[in-house]
């Protein structure tokens, strides 16, 4: 007896779904891809919204603080920087703000601007510059740092500064480096200032570098120290300090240390170097 064979399936395969609906396998595969597209679009939209909020609502400057520095008030420093509370921290140019402060406030030696995106705080860390030299220029005085930055033009020399003679400025704009026609003298003045500071020779009242090979300075307005040329500068200044702070306290005259191994002191200022 022949058994009846089941009918063969022909045509496209169908999938039976709830409520009797059917989809081909191709349609089923396409429907699986739709949720991925929705996720991608959602993520893109979320990123766009976050970016807009970051530049408008989130990461705004809430506070500006100044650390260090005493010559200028916090308000002067913040105003010179140009950054204001409420503006977007992401759009704030902190490097430019720091440069603005240095350019507008010459007694600022260095400044850095640091952001804190979570708290919305901008911190200016400031280091002041100080007057080391006073240089007569006509009826005024140029007040210079130890690195020959022109800090100010004034009617008189700064108290406690070293009166510098022997050079004439080409450029003396405040906040900029002092320049002359004799760069070797500029370098010498900077080098001597560094040595004075390192050796704590704080009672130096004047420095004369008119003659590059006959440098001299005044100590406490009482002893004139002749260094000669700038060779062996550290040794000469070291020898001079030792005698000035021990044997010559309260005395007046000329101390010649052109040869640091043969030091001569004379009461009369007529001794020639």
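Read the figures in this text as sums done on the coordinates, not as results from a lab. Keep in mind that what you see is a predicted model, and the values were worked out from it rather than measured. FYI the Cβ positions are ideal-geometry reconstructions off the backbone, even for glycines, and counts take in every protein chain you see.
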Taking 0.36 nm per residue of separation between residue 99 and residue 259 and subtracting their Cα-Cα distance, the length gained on full extension comes to 53.0 nm
Quick calc, residue 174 & residue 87: beta-carbon distance into FRET formula, R0 25 Å, rounding 0.05, result 0.30
Ranked on Cβ counts within 10 Å of their own Cβ, fewest leading, 199, 41 go 41, 199
Assertion target for 227, 105, ordered by fewest C-beta neighbours within 10 angstrom first, is 105, 227
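Give the order of 129, 116, 208, 181 when sorted by the count of other beta carbons within 10 angstrom, beginning with the fewest.
Neighbour counts put them in this order, fewest first: 181, 116, 208, 129.
Got the relative contact order for region 109-189 handy, in percent, Cα pairs under 8 Å and 6 or more residues apart?
Across region 109-189, relative contact order equals 20 percent.
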Expressed in nanometres to one decimal, the distance between label points 7 Å along Cα→Cβ at residue 266 and residue 37 is 10.3 nm
So, with points 7 Å from each Cα along the Cβ direction, the residue 152-residue 182 label distance in nm works out to 2.8 nm
Reduced to Cα centres, the span from region 69-137 to region 212-273 in Å works out to 42 Å
A student applying the Cα gyration tensor rule (rounded when a/c is under 1.5; otherwise prolate if a/b is larger than b/c, oblate if not) would label region 133-266 prolate
